[in-house]
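Beneath this line is the structure, given in structure tokens, with notes to follow.
The values are calculated or read from the model by the stated rules, or taken from the named source; none is laboratory data. Being a predicted model, the structure only gives us computed values, none of them experimental. Note that each Cβ is placed from the backbone with ideal geometry, even for glycine, and that neighbours are counted across all protein chains shown. Ligands, DNA and RNA are stripped out before the accessible areas are found, and what is left, the full protein with its side chains, is counted by its heavy atoms. Shrake-Rupley method; radii C 1.70, N 1.55, O 1.52, S 1.80 Å.
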Amino acid sequence: MNPLNAPFLIRGELIEGDAVRHTSRDLGIDFITPAIDLDALITPRTQLPPLLDVPLAEIVDFLVETGERLALDDNPHLQRCLDLVAETNPLPRRVVENLYRTAPELLRRDSLWSQVESNFADPAVLDGWVSRTDTAGNTGAIRAFPPRMVHMLAGNAPAGCIASIAQGALVKAVNLFKMPSSDPFTTVAALRTMAEIDADHPVVQSMSAVYWAGGDEAIERTVYRPQYFDKIVAWGGGPAINNVIRCLGPGIQLVSFDPKSSISMIGREVFSSDEVLADVAERVAADTCVFNQEACLASRFVFLETTDPAEARRFCAALWPRLGADRLFGSAVAPLPPTDVRDEIEVMGAMGDELEVFGRFDGRGMVLLSDAPVDFHPSNKVSNVVMVASLDDAIRHVNVATQTIGVYPYERKAQLRDALAGAGGQRVCRVGTANGHVAGGPHDAMYPLARFVHWMGDDDIFSGNPNAALPVATG
């Protein structure tokens, strides 16, 4: 089989070639890329960012037009990508297609402005210097200056790059996108679409997309330098994040969207009727099966408020068949869990007193009932239902790696959210809505755009007034 062709796009110019052969991590598919010209990827700091003086409103207009051009039925680049990503990505082709069809929603005008307005108290700081005066009468100005960023894109969500492109444009950054081996195609397709609108537009001139194998020291120890970039925005698993960390030094910051795990918390009210039980089981299954449980927001552990094993079995029996449903962003049959996980489940299930297993290894999902969370990472539509006497008892299992917490009944969210935040949890929602978001909300306990920019201050202190300047901590 001939290797797949994965071109680069560097500031509006398509770069093709077959100089380097790579193998995708997940499915072992070969693809070829051009050689990387490091000089072409680096914009000297003597050159101001192309988007510096472009009004934010104009940038939003350009992103909105790009979103309209990304309609799958009318975009030959995405159509070709669909065939390619189906070869390299573990998600089924139908799920990838659905992701492509919904991706333009990320570039809606209201969505883009919601991000800006929630991240910046005064969005004018993106367009220029904003003056302020302190109580001593000193004046100053601040600006959210465009950063220089490397984006390490995640491979588990084809079309997720559209969100990163939008974020990079909204903060007027100089952007280098490092594509993942499971999708070294979609980012270039989106940027080619932009280039066809206007290859000389400052948004296009601010963006490049390439691929190199993670951990390639010859590239990473050159690129990850503060004289070239301010921030590395890293999405991905532990090995990918660790590759970045070893290259970090003074002057370059890591903004990490590192691996997270999500849970469901189900109160005893679920047993009020058969109808309620069936509805909640469906909602938990929907949260579990997002991207076949590859998404960070996909539920992996269900803390069920009961001490009655018979009740817990009723819940598990209702949940199990719903894991095998065909969904918009999940398939009826998923890849099987890793061999070591399957072996552990079989051993624990055979022991009888540690784990009760609902389902089998057929890709349609399994439910594991236990008194304590299993010590492995449930994946590939495996849900661990854990009995707790109270939902308060489940909070001790929440930590800084717990991203999304789906709760039923919904009114108990308000009772739990402070304790969940104190334990490190990052987001609480109604069970069944894990894959939905309120526009402009935080992500991974931060407002990303405000973290991305280079905050620059211009202080104008009256030197003749000995009380004008307040002491500050030095470091």
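In table form, for the structure just shown:
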| item | result |
| --- | --- |
| Nearest-ten-degree value, helix 56-69 long axis tilted from longest Cα axis of the chain | 50 |
| Stretchable slack from SER114 to ASP340, in nm (0.36 nm times residue separation minus alpha-carbon distance) | 77.0 nm |
| Separation in nanometres of the label points that stand 7 Å from Cα toward Cβ, at ASN5 and PHE462 | 6.9 |
| Net lengthening on full extension, THR102/ARG132 (0.36 nm per residue, minus Cα-Cα) | 6.7 nm |
| Set of lysines with alpha-carbon distance to LYS413 below 17 Å, sequence-local pairs under 8 removed | none |
| Shape of the range 283-355, Cα gyration tensor, a/c cut at 1.5 | oblate |
| Probe 1.4 Å, accessible area per residue of the chain, Å² | 43 |
| Nearby aspartates and glutamates by direct alpha-carbon distance to LYS260 (threshold 12 angstrom, same-chain neighbours under 8 apart not counted) | GLU294, ASP444 |
| Of LYS172/LYS231; LYS178/LYS231; LYS178/LYS381, those spanning more than 20 Å from alpha-carbon to alpha-carbon | LYS178/LYS381 |
| Percent of beta bridges antiparallel (DSSP, the chain, rounded to nearest 5) | 35 |
| Value of [θ]222 nm, deg cm²/dmol, for the chain, DSSP H segments ≥ 4, -39500 (n - 2.57) each, nearest 500 | -9500 deg cm²/dmol |
| Rounded Å value of the spacing that divides the Cα centres of the range 263-284 and the range 104-177 | 40 |
| Rounded tilt (10° steps) of 309-323 against the dominant C-alpha axis of the chain | 60 |
| Distance (nanometres) between label positions extended 7 Å along Cα→Cβ at ALA350 and GLU65 | 6.5 |
| Binned Cα-Cα distances of the range 261-430, short to long, each 10 Å bin given as a whole percent | 11, 43, 38, 9, 0 |
| Carbon + sulfur, % of accessible area of the chain - ligands and nucleic acids excluded, 1.4 Å | 51 |
